[in-house]
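Working notes for the structure below.
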Amino acid sequence: MSYKVLAEIIQEAERERKSFWEIILDEDCRESGLSREESLQKMSAMYTAMKEADSNYDASARSASGMAGGDGKILEDFRKKKNCLIGDFLTKVMEKAVKMGESNACMKRIVAAPTAGSCGVIPAVLITYEEERKISQNKIVEALYIAGGIGEVLAESAEISGAKGGCQAEIGSASAMAAGAITYLEGGDNETIAHAAALALKNMLGLTCDPVGGLVEVPCIKRNVSGAVNAIIASQMAIAGIRSKIPPDEVIDSMRRIGDLLPECLRETSKEGLAVTPTALNKM
Amino acid sequence: MQLFDIIGPVMVGPSSSHTAGAVKIGYVAHKLLAEPLLRAEILLHGSFGATGKGHGTDRALVAGLMGMKPDDAKIPDSLSLANEKGIEIEFGSISLKEAHPNSVLLKLEGKGRRLEIVGESLGGSIINIASIDGLSANFSGDYPTLIVHNMDQPGHVAEVTSMLSHKSVNIASMQLYREHRGGNAVMVLECDQEIPEQAIQWLKNLEGVEKVTYYSLK
């Protein structure tokens with residue numbers, strides 16, 4: 001059984017005197033029948049696939065609709081000019097998030113995390129972290145277990161699909177997962193990890209899913225950027241010592257209730273919002 | 001949901017339901033046909049037809065029919081690959097009765113065999129094979145699956161289940177359907193272990209059993 005609340009993972013970690021990521025590794029071994037080594041190897045393969053997708057970015061590729069492609073290169077060129085207001089780290093995160101979202105739209109191989117539409121958030125944060133901080137890949141793999149554990153709780157107790165819970169459930173979930181992962185890498189304890197996830201998710205509550213033409217392109221690709229950057233600011237707040245005033249599991253429960261209340265026209269049906277603007281209708 | 005459904009799967013984009021799920025439907029159909037594909041008529045229903053083109057659903061289905069899995073980088077090129085192999089592909093649209101919004105009817109022709117399958121993509125990359133040759137089926141393609149078409153008469157279920165018991169194969173789920181009393185019937189068994197080839201052959205020779213189809217994960 002997957003964990004239904006983050007508090008349970010933290011309690012289990014304290015009881016077993018293990019770290020958050022090891023509790024999720026143990027749980028995967030119990031559920032899937034994989035050995036510890038097999039599970040670690042599989043997670044490592046997921047990270048390798050993320051890095052391959054990042055380095056295989058093709059700036060000339062365009063999606064079938066013609067709406068997606070090329071923006072990742074624009075951000076890369078911008079970063080290399082060294083005049084960005086927000087610094088290299090964040091600009092690189094933005095660039096990688098756009099690149100992955102565009103690769104997905106152009107039918108390249110990506111890793112759904114938790115969904116294909118939100119596939120840019122977690123790799124943008126983790127690959128940039130590995131490149132800029134020069135840490136070992138093992139550490140990143142451990143961080144992915146934390147992201148996965150948070151994602152499991154979100155899937156169990158709320159939603160992770162746009163059709164059910166709106167964009168908050170996809171990009172919001174990915175952002176919370178990435179926030180937890182990077183907080184671990186920055187040395188945060190389990191409590192801090194959970195609060196980073198909560199702070200990230202709170203910023204995404206209520207986000208609707210209204211994609212132009214029903215395609216995973218507009219606004220999805222750039223939402224990956226805001227999800228990734230949001231993960232980092234949430235994590236930095238938590239590392240600095242800020243706590244979510246609403247406990248993490250209550251934030252997750254709020255997302256579920258908000259998702260249930262979202263009208264169907266704003267849950268991946270393209271019947272409202274951006275999808276029915278004159279420009280969107282004109283393009284389709 | 002399991003951990004590697006959250007971090008993963010590795011797949012070709014853009015959509016887990018309209019791309020990865022579509023590849024999987026095609027792949028299961030490819031395994032069920034179990035011989036080289038010569039001709040495929042692909043009839044898209046609902047959202048598969050409406051937004052399928054932008055999601056590459058057409059290329060995804062054909063890639064699956066050619067034996068590719070959802071992470072195969074050649075998926076976008078499947079239409080030209082099929083063309084090179086001389087496989088005849090025809091697309092159309094259809095309105096299926098009581099079908100999931102993401103459904104497809106596949107009419108396949110191999111060397112000696114024809115197969116008709118309705119596949120549904122349920123979200124995530126989870127799929128359901130809703131019917132085979134016009135009879136209800138309902139299986140996910142995540143387990144080794146045995147499909148037996150037989151006459152609706154006493155004893156066939158017992159024959160199949162006792163054979164599985166002898167081979168130490170555990171049944172994860174089992175469904176029975178029939179057209180009408182005494183007519184055509186089908187049983188669909190999802191199993192925890194693979195069924196040995198000779199056991200499948202034995203089933204094929206049983207009286208009253210008309211067709212045995214086996215979907216292996218190997």
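The values are calculated or read from the model by the stated rules, or taken from the named source; none is laboratory data. Because the structure is predicted, anything quoted here is derived from the model rather than measured. Please note: Cβ atoms are built from the backbone with ideal geometry, for glycine as well, and neighbour counts cover all protein chains shown.
Laid out as a table, the results:
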| item | result |
| --- | --- |
| Scan of region B:98-128 for residues that are away from chain A (no Cβ under 14 Å) and touching a helix residue (DSSP H, G or I) at 6+ places or on another chain (Cβ under 7 Å), ordered by number | B:103, B:104, B:106, B:108, B:110, B:113, B:115, B:117, B:119, B:127 |
| Criterion (among the hydroxyl-bearing types (Ser, Thr, Tyr), surrounded by 20 or more Cβ atoms within 10 Å (Cβ to Cβ) and either in contact (Cβ under 8 Å) with a residue 24 or more places away in the chain or over 28 Å from residue A:106 (Cβ atoms) (or both)) met by exactly one of B:125, B:78, B:93 | B:125 |
| Residue count, region A:140-179 (criterion: more than 24 Å from residue A:48 (Cα to Cα) and of a type in the set (D, E, K, R)) | 3 |
| Candidate set: region B:48-72, residues that are part of a helix (DSSP H, G or I) and among the hydrophobic types (A, V, I, L, M, F, W, C); chosen: the one nearest to the chain's Cα centre (by Cα) | B:65 |
| Residue ID - farthest from the chain's Cα centre (by Cα), chosen from residues in region A:106-143 that are polar (S, T, N, Q) and within 11 Å of chain B (Cβ to nearest Cβ) | A:115 |
| Scan of region B:154-172 for residues that are under 17 Å from residue B:204 (Cβ atoms) and either part of a loop (DSSP other than H, G, I, E, B) or under 21 Å from the mean Cα position of the chain (by Cα) (or both), ordered by number | B:155, B:160, B:167, B:169 |
| Matching entry among A:146, A:160 (being within 21 Å of residue A:27 (Cβ to Cβ), touching a Gly at 6+ places or on another chain (Cβ under 6 Å) and within 14 Å of chain B (Cβ to nearest Cβ)) | A:146 |
| Verdict on residue B:184 being surrounded by 14 or more Cβ atoms within 10 Å (Cβ to Cβ) and of a type outside the set (A, V, I, L, M, F, W, C) | yes |
| Helices (runs of 4 or more DSSP H) completely within region A:1-82 that count 2 or more residues being modelled with pLDDT of 95 or more and within 12 Å of chain B (Cβ to nearest Cβ) | A:20-32, A:36-55 |
| Any hit, region B:61-75, residues being at pLDDT 90 or above, surrounded by 22 or more Cβ atoms within 10 Å (Cβ to Cβ) and under 26 Å from residue B:210 (Cα atoms) | yes |
| Filtered residues of region B:1-47 (kept if at the interface with chain A (Cβ under 7 Å from one of its Cβ atoms) and not in a helix (DSSP H, G or I)) | B:1, B:2, B:7, B:8, B:9, B:10, B:11, B:12, B:13, B:14, B:15 |
| In region A:28-54, the residues that are more than 21 Å from the chain's Cα centre (by Cα) and touching a residue at least 24 places away in the same chain (Cβ under 8 Å) | A:31 |
| Long-range neighbours under 7 Å by Cβ, at least six apart or interchain, first residue at pLDDT 95 or above within region A:250-272, second part of a helix (DSSP H, G or I) and among the β-branched types (Val, Ile, Thr) | A:252/A:153 |
| Selection within region A:65-104 - surrounded by 14 or more Cβ atoms within 10 Å (Cβ to Cβ) and free of Cβ contacts under 8 Å to residues at least 12 places away in the same chain | A:84 |
| Residues that are farther than 21 Å from residue B:56 by Cβ, part of a loop (DSSP other than H, G, I, E, B) and not basic (Lys, Arg), drawn from region B:100-139 | B:112, B:133, B:134 |
| Residue within region B:156-165 that is small (Gly, Ala, Ser) and in contact (Cβ under 8 Å) with a residue 24 or more places away in the chain present | no |
| Residue in region B:156-165 that is touching a strand residue (DSSP E or B) at 6+ places or on another chain (Cβ under 8 Å) and exposed (fewer than 14 other Cβ atoms within 10 Å of the Cβ) present | no |
